[in-house]
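Read the structure below first, then the notes.
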Amino acid sequence: MTTANTADTAEGSDASEAADTVTTVPVLEVEDVRVDYGTRGSRFTAVSGVSFALHAGETLGVVGESGCGKSSLGRAVLQLTPPTSGSVRLGGRELTGLGRRGMRPVRRRMQVVLQDPVSSLNPRRRIIDIVGEGLVVGGASKGEARRRAAEVLREVGMDPDAVGHRHPHEFSGGQCQRVAIARAMAMRPQVLVCDEPVASLDVSVQAQVLNLLADMKAEHHLAMLFISHDLSVVTTICDRVAVMYLGTVVEIGPTEEIHRRPAHPYTRILLDSVPVPDPETVDDRPGIQGELPSPGNPPSGCRFRTRCPRAQQLCADVVPPLAAPAGRTAVACHFPLEPGETLG
Amino acid sequence: MKRFLTRRVPHVLAVLVIVTFATSALIDLLPGSAASAVLGENATAAQIAEFNARFGLDAPLIPRYLAWIGHALQGDLGLSIRLGTPVSGLVAERIPVTGEIALLAILVTVIVAVPLAARAADRESGIVDRIANGLSSALVAVPAFVMAVLLVYVLSLELGLLPVAGWSPLDAGLGENLRFLIMPVLTLALVEIPVMYRVLRADLLTNLREDFVLAARARGMSRSYVMLRHVLRPSSFSLITMIGLTVGRLLGGTVIVEQIYGLPGLGSLVISSISSKDITVVQGVVVVVAVIYVFLNLVVDLCYTLLDPRVKVAR
């Protein structure tokens, strides 16, 4: 009797644990992804061994200088440039190795919003067709696709009757980006990859588009990968941030933490480069020195060591692993900063 | 549409006036005279004066041109100086030959070049791309007259498949007609295909790099769908431009091919008329070709507005 009881309770707790894990299983799991470009002679690694997990309703920001591999990472996740090695799982299903044909039915579940809102819309199409096309290709009837397209256009704050029959060149950058978001959302994706979605917009319009993306995420419980070079944009919209340098993640953690207590010197420098909107402030924060090394021939050991004010011999010899000190963000550095510590 | 035409028609008329005026002026510019070419070296001054009066060659340039254009507008292109028959009849006789060759050549060019360019651009640096690039470079370097001789050598002399030269009109039977057509058409197409292939391939590659292509692929569209709907369609712009220019060029430019294969087309008519100073025929052919050319370009421009909604607004 007692044994049965314990078995019961054990089973019960198992079930509740299982239910727990169901909700916490990440939608997107990226493991040790590596992207190589070029052919035999001139090969270089754009992304070398990046891992992260993304849950539904969560936004992960990816920040870094241009050329650090953040866009390549986004494309590798989408399998638009299939990664050279590593694993990308969507809802537990492995995507690498599916091939073009195998990916096609999965594609609708991961959508993308690109940087240039004008070039990302086919200039010869009408808005309503741009938004609905993916559905038609997916097997929906023309009428169905139009209805859904009108629905999402309304959702992104555009009047389908007024804009549906027009062409992209009749709209501003911000409006085009709304259309691009509607086009992605029409597919009802689980994951949305935003590759610098506001980088080419005016600051005033940036806020509107960011709000729209935040609304979309909240309403549809989206998992969002938000790629940007702009740290202030990332902090407003992301739950967690991954900082990339030369193809690797140097620090990853909750946005608040990264912002208040950065552990990696590079993160600190990035934060210090955000301008202070006050003419009275004297900016004496140390900036970054030197040039970004060639990704074709990265420095040995820690890739950041050539520009790091704290670099020592160890940094040249040993690659620092991405590890989380107790209660801190995960950081790949031999000499992470203490909370509140500054450089220089 | 109305605005388009009101803007373009004066433009077209100006081009035609300039072209016809220039050919009228040829008589004054060319060395020698039509009269001495027809009547011979020993003609008397009276004979020459009588000849010039008969063909209106004695009048000064401007009145001569005005008289010619007055008649031309009524469909009368004058009499051939050499043959004494109406020019319009001569031209009408020759147009079907040149027209058939030019149209077939452009058809073959498009049928070969478009799918080839699409396939090559789709897999850049793939095997098809590399072979097609190599072949097109080689073909671009071969001029039409070399190509014609080469084809005659291989297809007629070595393999004995086709007649070396000659012509059989369409109403004497399609089979015979085609036998004489194959080599001229092939010669022209082999010269045009590499040009069209290269321009179109480059254009397609540019379009393939656009973000909307990436976005289309991200929505799960197949390769062929993306190529057809998102890449080839914007490229139809340059394709239509090329077709318009090529047809125009072929109409006037079949001269060499017609000469080599002994075809009774506009090209050979012009050649023989120039050498015999039959200026009225030259003028007639030039005006007909110019009208066709200008008209084709008008159609091409019209196609732009149909293909690209942005052009309409810009106008």
Members of the range A:97-144 found to be at pLDDT below 90 and of a type in the set (Ser, Thr, Tyr), listed by number | A:119
Single unsatisfied condition, residue A:184 versus (1) under 19 Å from the mean Cα position of the chain (by Cα); (2) assigned by TED's automatic domain parsing to the domain that holds residue A:73 | (2)
Positions within the range B:27-86 being charged (D, E, K, R) and in contact with a Gly (Cβ under 7 Å, 6 or more places away or on another chain), in sequence order | B:64
Do you know which residues across the range B:208-238 are buried (at least 18 other Cβ atoms within 10 Å of the Cβ), within 7 Å of another protein chain (Cβ to nearest Cβ) and in a helix (DSSP H, G or I)?
-> B:211, B:212, B:214, B:215, B:217, B:218, B:230, B:234
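Listed here are the residues, each with its yes/no results for (1) in a helix (DSSP H, G or I); (2) over 15 Å from residue A:244 (Cβ atoms).
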site: A:256; (1), (2): yes, yes
site: A:270; (1), (2): yes, no
site: A:275; (1), (2): no, yes
site: A:289; (1), (2): no, yes
site: A:293; (1), (2): no, no
site: A:301; (1), (2): no, yes
In the range B:6-48, how many residues are surrounded by 12 or more Cβ atoms within 10 Å (Cβ to Cβ) and modelled with pLDDT under 80?
-> 11
Considering every residue within the range B:160-177, establish whether at least one is in contact with an Asp or Glu (Cβ under 7 Å, 6 or more places away or on another chain), outside any helix (DSSP H, G or I) and under 19 Å from residue B:98 (Cα atoms).
-> yes
Go through the residues of the range A:171-188 one by one and say whether even a single one is surrounded by fewer than 24 Cβ atoms within 10 Å (Cβ to Cβ), touching a strand residue (DSSP E or B) at 6+ places or on another chain (Cβ under 8 Å), within 11 Å of another protein chain (Cβ to nearest Cβ) and at pLDDT 90 or above.
-> yes
On the given criteria, is residue A:222 in contact with a Pro (Cβ under 8 Å, 6 or more places away or on another chain) and over 17 Å from residue A:57 (Cβ atoms)?
-> no
Residue among B:173, B:166 that alone is in contact (Cβ under 8 Å) with a residue 24 or more places away in the chain, within 29 Å of the chain's Cα centre (by Cα) and surrounded by fewer than 20 Cβ atoms within 10 Å (Cβ to Cβ) | B:166
Residue B:264 fails exactly one of (1) surrounded by fewer than 21 Cβ atoms within 10 Å (Cβ to Cβ); (2) modelled with pLDDT of 85 or more; (3) in a helix (DSSP H, G or I), namely (3)
Find the residue count for the range B:129-159, including only residues that are more than 30 Å from residue B:202 (Cα to Cα), assigned to a helix (DSSP H, G or I) and not charged (D, E, K, R).
-> 7
List the number of the failed condition for residue B:117; all other conditions in (1) aliphatic (A, V, I, L, M); (2) touching a Lys or Arg at 6+ places or on another chain (Cβ under 8 Å); (3) within 22 Å of residue B:278 (Cβ to Cβ) hold.
-> (3)
Scanning the range A:189-209 for residues that are within 12 Å of chain B (Cβ to nearest Cβ) and among the charged types (D, E, K, R), which turns out surrounded by the most Cβ atoms within 10 Å (Cβ to Cβ)?
-> A:195
Matching option when the condition is within 20 Å of residue B:292 (Cβ to Cβ) and part of a loop (DSSP other than H, G, I, E, B), among B:89, B:75 = B:75
Report whether or not residue A:110 is out of contact with any strand residue (DSSP E or B) (no Cβ under 7 Å at 6 or more places or on another chain) and of a type in the set (A, V, I, L, M).
-> no
Could you say whether any residue in the range B:249-260 is within 30 Å of residue B:122 (Cβ to Cβ) and in contact with a Leu (Cβ under 9 Å, 6 or more places away or on another chain)?
-> yes
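The values are calculated or read from the model by the stated rules, or taken from the named source; none is laboratory data. All figures in this text were calculated on a predicted structure; none of them were measured in a lab. FYI the Cβ positions are ideal-geometry reconstructions off the backbone, even for glycines, and counts take in every protein chain you see.
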